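The values are calculated or read from the model by the stated rules, or taken from the named source; none is laboratory data. Computed from a prediction, not measured in an experiment: that's the story for all the values here. Cβ placement follows ideal geometry from the backbone for every residue including glycine, while neighbour counts extend to all protein chains displayed. Accessible surface areas use protein heavy atoms only, side chains included; no ligands, DNA or RNA. Shrake-Rupley method; radii C 1.70, N 1.55, O 1.52, S 1.80 Å.
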Amino acid sequence: FSWGRFRKVIFKMFPVLNWLFSYRFREWILRDLHAGLSVGMFQVPQGLLGVWLTRLPLPNINGFLSAFCCSMMYVIFGTSHHISIGSFSIINLVVTNILKTLNFNQTLSSNGSLGNFSDPTFMKDYMEALTFTASVTFLTGIIQLLLGCFCLGFVITYVPKTLIDAYLTAAALHVIVSQFTFIFDVMLDFHKGPLGIFYNLFHFFLVLPKANATSILLFLLSMAALRINVYIMITYKHSPIAFPMELLLIITVTIISNCIHLHAESSSAVVSMIPQRFLPPTPPDLSNLSKIILHAFSLATVSYFLLVFVGERYASLHNYSIASNQELIAVGLCNICSSFFKSFVVSCAISGTVIQEKTGGRTQLAAAIGASMMLVIALKLGQFFQAIPNGILSAIVVFNMLPFLQKFLDIPILWRRDKYHFVIWLVTFAAVLCFGLDVGLVIAMGLTFFIITIRSHRMKMVVLGQIPNMNIYRSLSVYRAAREIEGIKIFQCCSSISFANMNHFKTYLLHKMDMKAVPLDESEMRALISPSLSDTAVERKDLKCSCLCDPPLSPPRIPYTEKLVKRRHADSNSTSSSVNLVHWSKYGHKLSSRTLLVGAAKASPGFNMGVTTEKKEDEGRRASLPPGSAIDNSSVQLDQEEQPVYLPCPVHTIILDFSMVQFVDLIGSELLRQIIHMFHDIGIAVLVAGCHSSVIADFEKNDFFDSCVTKERFFLTLHDAVLAALDKHQKPDELERAAEESAEEPLAEQQKVEYL
């Protein structure tokens, strides 16, 4: 226990403390006050408007108390600085469709009246529907809270930004279509299911002749005013802030609509039918748990991802981060709190969030101010806002959805940059638009994980060559200066090796070596197995009886089950460079400290490099060199005067560059061991370079090493492996030349020292 750790835990559990103790009062208070007033004023008529979509009238007191408590709960436990918590119209429509499972007669109809609530049967159905809604909301919050406690919010880290943009774009279109009811002033039953948005559009066009012209005109005038507001900017402390046009529009229209009767539908007709009495909190009824568990899980997923997607969008714009697990806990507590007021599932109120961000809100203090103002206005002045035409509020909602639709302009750029992300964007948008927020999210996540799996396990192999006069190796197909070293093939593996791509690795290797694998016959298999069985046969020569309790003997380990043969007998057309291109040292015939082996000091009986390390001597030689000397023990020297050309010789060494390999699983390591054995059987040594220590540990756990495949084959760098291969296969004349150079070197060094 320490106070530092205790403080860290407390600040993590209550994120409000992070910005509360670092709040810049003089710089931020006016911004948050401006944003809070705008959001709070907008939430009052927006809450009244939600009754139209849900078709389930909730007393105003319950609705606004629920919105206030949920907002304050997120202020304490949420990590986003700009999220405005509230009901989301599409989620409310999902809850409305769930209510149909109880065969509940909708209370809000075209001929509904206040007298319906005096009917005992009607009131019984009404209370059952509210209780059912509260149960769905409570179970949704419990699921989110449990997921957050088990830290399952990490899933959001695997969601790319393209999926978030596509999801929010499709969700914005769903919201815009849902507002057509208020824009055209017509009531329709929203179709739920595949292609539901297109059915709704079709029915809206059918009833378009019956639309209210006044409502459409008010909508267009409001959209024009909001568009003009884009070019009006307020500067505070050298920072631009949007003009509060939404606040001015709501206040102006509220005054006009209460003085003059506008021939447009408003929420007053609906609110007048609802009993204005507070429904006290009651425990949730979980008797229908089996019927609502799947719906609750779907709502929990959509509510959380919608909240995190919008939060990630604004966090990236303002250079801060949100905690995905804490967001799960915060929205879960909000939904649990909402259920006690018999309210709906809450999530990110996109319109309120956009208003809070563009009006300059810096912290969640703006949300707290907005929630407090909303509650006071709703309880004291709520009747004045009931006369606001629905078209005005729809214009504010639709206008705040337009920034999400601007992502359509990024599609051509996305196609040019990354076609995989283009496919993700397109499939996510189409799935969410056609199948809804819940099913579309599942399809988008499934496709994303599939593409991530394919790209991470897709094998990429490159044949490397050497840049003359350097210890640099680059792709032969990309760099024209790269040359292939005679007798050595270098392959770079650019991805991890697993069961999913190991066969491709083997096929590529054999194709480049112009070979194919042929299964061993029975006699060859017995020849491989007999050495391992010889010791067992000697032990059983006396035919002793063994007890059944004795552990069974492990089956003999077969090094490989295939042999390599030439695919065709033709001379290679590759332009190999002379072996004179590589001189591993100017200071002697032994490798210097740059050649460092990983593993045991004893040489392998199957592959002996004869490599030693002389670190101290090499450091002494380095110290004697002048500062401007370009000679390095790892460089490759090119004989400029004479370049003899040899006939192509067969490959004697294969070097695998594993510097980009992150892991090798059990199946991959087993097949790799068999490949090394098969090449060793035909006289070709396989070396591994640049292998990370974690991959070596994986090899050890997978029982990769044996008498033939030892750590002597592993080298720290690619150049070390090349030098070791050339050291073993150098020609006699080259060895004599190297000896002469090493004999002349001490004299040259002495002359340099005397000169200095």
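So that you can scan it fast, the table gives a plain yes or no per residue for (1) more than 17 Å from Leu671 (Cα to Cα); (2) more than 50 Å from the chain's Cα centre (by Cα); (3) modelled with pLDDT of 85 or more:
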{"position": "Phe491", "(1), (2), (3)": "no, no, yes"}
{"position": "Cys494", "(1), (2), (3)": "yes, no, yes"}
{"position": "Lys506", "(1), (2), (3)": "no, no, yes"}
{"position": "Leu509", "(1), (2), (3)": "no, no, yes"}
{"position": "Asp521", "(1), (2), (3)": "yes, no, no"}
{"position": "Glu524", "(1), (2), (3)": "yes, no, no"}
{"position": "Pro531", "(1), (2), (3)": "yes, yes, no"}
{"position": "Leu543", "(1), (2), (3)": "yes, yes, no"}
- Query: How many residues does the range 303-349 contain that are of a type in the set (A, V, I, L, M), open to solvent by 10 Å² or more (accessible area, probe 1.4 Å) and assigned to a helix (DSSP H, G or I)?
  - Reply: 4
- Message: Suppose the filter is open to solvent by 40 Å² or more (accessible area, probe 1.4 Å), modelled with pLDDT under 85 and not assigned by the TED database to the domain that holds Ile90; does Leu409 pass it?
- Response: yes
- Regarding Leu286, is this residue within 28 Å of Thr363 (Cβ to Cβ) and not acidic (Asp, Glu)? no
- Among residues of the range 85-106 being surrounded by fewer than 21 Cβ atoms within 10 Å (Cβ to Cβ) and part of a loop (DSSP other than H, G, I, E, B), the residue modelled with the highest pLDDT is Asn103
- Query: Of the residues in the range 133-166, how many are open to solvent by 10 Å² or more (accessible area, probe 1.4 Å) and within 20 Å of Cys337 (Cβ to Cβ)?
  - Reply: 8
- Task: Specify which of the listed residues (Ile183, Ile234, Ile197) is part of a helix (DSSP H, G or I), out of contact with any Gly (no Cβ under 7 Å at 6 or more places or on another chain) and among the β-branched types (Val, Ile, Thr).
- Result: Ile197
- Item | Sole exception among (1) open to solvent by 40 Å² or more (accessible area, probe 1.4 Å); (2) at pLDDT 85 or above for Leu437, by number | (1)
- Query: Listed residues Lys192, Lys124; which is surrounded by fewer than 16 Cβ atoms within 10 Å (Cβ to Cβ) and in a helix (DSSP H, G or I)?
  - Reply: Lys124
- Note on the structure: Exactly one of Ile164, Ile183 is in contact with a Lys or Arg (Cβ under 9 Å, 6 or more places away or on another chain) and either in the same structural domain as Cys337 (by the TED database) or under 23 Å from Val423 (Cα atoms) (or both), and that residue is Ile164
- Can you pull out the helices (runs of 4 or more DSSP H) entirely within the range 1-84 that have at least 2 residues that are more than 24 Å from Leu328 (Cβ to Cβ) and open to solvent by less than 10 Å² (accessible area, probe 1.4 Å)? 25-54
- Query: Restricting the search to the range 468-500, which residues are assigned to a loop (DSSP other than H, G, I, E, B), within 15 Å of Phe658 (Cα to Cα) and of a type in the set (S, T, N, Q)?
  - Reply: Ser495, Ser496, Ser498
